[in-house]
1. Would you mind stating whether THR92 is modelled with pLDDT under 95 and either outside any strand (DSSP E or B) or among the aliphatic types (A, V, I, L, M) (or both)?
2. Return the only residue of LYS112, LYS106 being modelled with pLDDT of 95 or more, of a type in the set (Lys, Arg) and either assigned to a helix (DSSP H, G or I) or out of contact with any Ser or Thr (no Cβ under 6 Å at 6 or more places or on another chain) (or both).
3. Condition check: touching a strand residue (DSSP E or B) at 6+ places or on another chain (Cβ under 8 Å) and either modelled with pLDDT under 95 or of a type outside the set (Gly, Ala, Ser) (or both). Does ALA182 satisfy that?
4. Find all pairs meeting these conditions: Cβ atoms under 6 angstrom apart; at least six residues apart or on different chains; first residue within the range 30-49 and over 16 Å from ILE155 (Cα atoms); second residue assigned to a helix (DSSP H, G or I) and of a type outside the set (Phe, Trp, Tyr).
5. Quickly run through the range 21-51 and pick out the residues that are among the acidic types (Asp, Glu) and either crowded, with 19+ Cβ neighbours inside 10 Å or modelled with pLDDT under 95 (or both).
6. Does at least one position in the range 68-76 carry a residue that is on the phi < 0 side of the Ramachandran plot, buried (at least 20 other Cβ atoms within 10 Å of the Cβ), free of Cβ contacts under 8 Å to residues at least 40 places away in the same chain and among the hydroxyl-bearing types (Ser, Thr, Tyr)?
7. Of everything in the range 60-87, what is closer than 22 Å to GLN15 by Cα, touching a strand residue (DSSP E or B) at 6+ places or on another chain (Cβ under 6 Å) and not hydrophobic (A, V, I, L, M, F, W, C)? Give them in sequence order.
8. Please verify whether LEU164 is surrounded by fewer than 21 Cβ atoms within 10 Å (Cβ to Cβ), at negative phi and in contact (Cβ under 8 Å) with a residue 12 or more places away in the chain, treating the condition exactly as stated.
Amino acid sequence: MSRIPRELFVPASSQHLAYENIPLSIEMGQTISQPFIIALMTEALELKGNEKVLEIGTGSGYQTAILCKLANWVVSVERHQRLIDKAREVLTLLGYKNVEIHLAEKTLGWQKGAPYTVIMVTAGAPNVPQVLLDQLATGGRMVIPVGSPFEQELIKITKHKSGLERTNLGGCRFVPLIGESAWQED
């Protein structure tokens, strides 16, 4: 994480806070998570370097950059074209080539690229969406905040042939995940 200039991913008015362990607001009512949560989620994915990762919620692109450093290929989806454009600009500036970013569709995830070794969801869901489990490869891992729109538990799911293993990583608070099988937009 120290090799990625976090200040490039936050608004100019927040750059002096870029390395504080706090979430920061970005455009479109979204946030860049605090570094501790980003590190916790990334560590839970157990990346070895050969994975194909699906990231739900590109946001500023900071988490995307971390995933690009640690995985073979990253597919990221985002609901806001403005955030996609800004994230692409910074990721290109930093030289990342192992990433594709798509405008989110009605169905969660990016089914065209499935299955994924790893799925990271950076918004809170009311439950673990089956549509994302269907896109996760056997042996794969998913980290997702699950709970109310205001408070969630960070859950790690490991998909085995025999079923799902679920581990609670602790409390957290993310913006709501919007889409089919999640929260509806107001």
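1. no
2. LYS112
3. Spelling it out, ALA182 is indeed touching a strand residue (DSSP E or B) at 6+ places or on another chain (Cβ under 8 Å) and either modelled with pLDDT under 95 or of a type outside the set (Gly, Ala, Ser) (or both).
4. Matching pairs, first to second residue: LEU47/LEU70.
5. GLU27, GLU51 - these are the residues of the range 21-51 that are among the acidic types (Asp, Glu) and either crowded, with 19+ Cβ neighbours inside 10 Å or modelled with pLDDT under 95 (or both).
6. There is at least one residue in the range 68-76 that is on the phi < 0 side of the Ramachandran plot, buried (at least 20 other Cβ atoms within 10 Å of the Cβ), free of Cβ contacts under 8 Å to residues at least 40 places away in the same chain and among the hydroxyl-bearing types (Ser, Thr, Tyr).
7. Passing the criteria: SER60, TYR62, THR64.
8. Answer is yes for this residue.
The values are calculated or read from the model by the stated rules, or taken from the named source; none is laboratory data. This structure is a prediction, so every number in the text was calculated from the model and none was measured. Please note: Cβ atoms are built from the backbone with ideal geometry, for glycine as well, and neighbour counts cover all protein chains shown.
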